[in-house]
Amino acid sequence: MRKNSIKNTRINMEVQRELSEIIRGGIKDPRIHPMTSVVSVEVTPDLKFCKAYISVLGDEEAGKSTIQGLKSAEGYVRRELARRVNLRNTPELKFILDQSIEYGVNMSRLIDEVTKDLHQEETQDEEGAKEEF
């Protein structure tokens, strides 16, 4: 099976859906932040390994503690995944903290600040030009 095949894409989507359900409803670890989501999943073509990109809505400390909690619950999550998804091999899970959403929000905020400053400068320039006449 090739990496970008339709079958691999379907497996990635199914594993992502089930992982998010398991994390949301099955794990009772207090280290795992309630606003945790599975952004994407990459299962290798031989179904041996899986990288799960996790996003946490909160500060950096909440993200780190969530990843620690998920790593400690890895055996439970893998067992539940094997029970819910019928695959030849149940992949070994690796949880990776994905900060792309936070990065995007931060960049959007910075762009808004710059455009607001530019808009204020333009209005001040226009007012100065009107006073000269």
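Site pair Asn12 and Val105 shows an inter-label distance of 2.5 nm when each label is modelled 7 Å from Cα along Cα→Cβ. Pairs of Lys residues in the chain are counted when their Cα atoms are under 27 angstrom apart and they lie 8 or more places apart or on different chains; the count is 21. Per the Kirkwood treatment, what hydrodynamic radius in Å, one decimal, follows for region 74-129 from the mean inverse distance over all distinct Cα pairs? For region 74-129, the Kirkwood estimate is 15.9 Å. For the residues Met35, Met107, Met13, a GNM of the chain with alpha-carbon springs under 10 Å puts the largest fluctuation on Met107.
When the chain is treated as a GNM with alpha-carbon contacts under 10 Å, the residue of Leu47, Leu110, Leu118 showing the greatest mean-square fluctuation is Leu118. If you look at the Cα atoms of the chain, you get an Rg and a Dmax of 22.3, 80 Å.
Measuring nothing but how far apart in sequence close Cα pairs (under 8 Å, 6+ apart) lie, relative to its length, the chain scores a relative contact order of 23 percent. Which percent, to the nearest 5, of DSSP beta bridges fully inside the chain are antiparallel? In the chain, approximately 55 percent of DSSP beta bridges are antiparallel ones.
Can you give the extra length, in nm with one decimal, that the chain gains between Leu97 and Asp46 once fully stretched, where that is 0.36 nm per residue apart less the Cα-Cα distance?
Going from the current span to full extension adds 16.0 nm.
Ligands, DNA and RNA left out, the accessible area of the chain computed with a 1.4 Å probe is 51% carbon and sulfur. For the chain, what does -39500 (n - 2.57) per DSSP helix run (n ≥ 4), summed and divided by total residues, give at 222 nm, in deg cm²/dmol to the nearest 500? Calculated mean residue ellipticity at 222 nm is -20000 deg cm²/dmol. Given a Förster distance of 30 Å, report the FRET efficiency between Asp29 and Val114 from their Cβ-Cβ distance, rounded to the nearest 0.05. The formula returns an efficiency of 0.15 here.
The values are calculated or read from the model by the stated rules, or taken from the named source; none is laboratory data. The structure displayed is predicted, hence computed values, not measured ones. So basically every Cβ, Gly included, is an ideal-geometry build from the backbone, and we count neighbours across all protein chains shown. When the accessible area is computed, the model is the full protein with side chains, heavy atoms only, and any ligands, DNA or RNA have been set aside. Shrake-Rupley method; radii C 1.70, N 1.55, O 1.52, S 1.80 Å.
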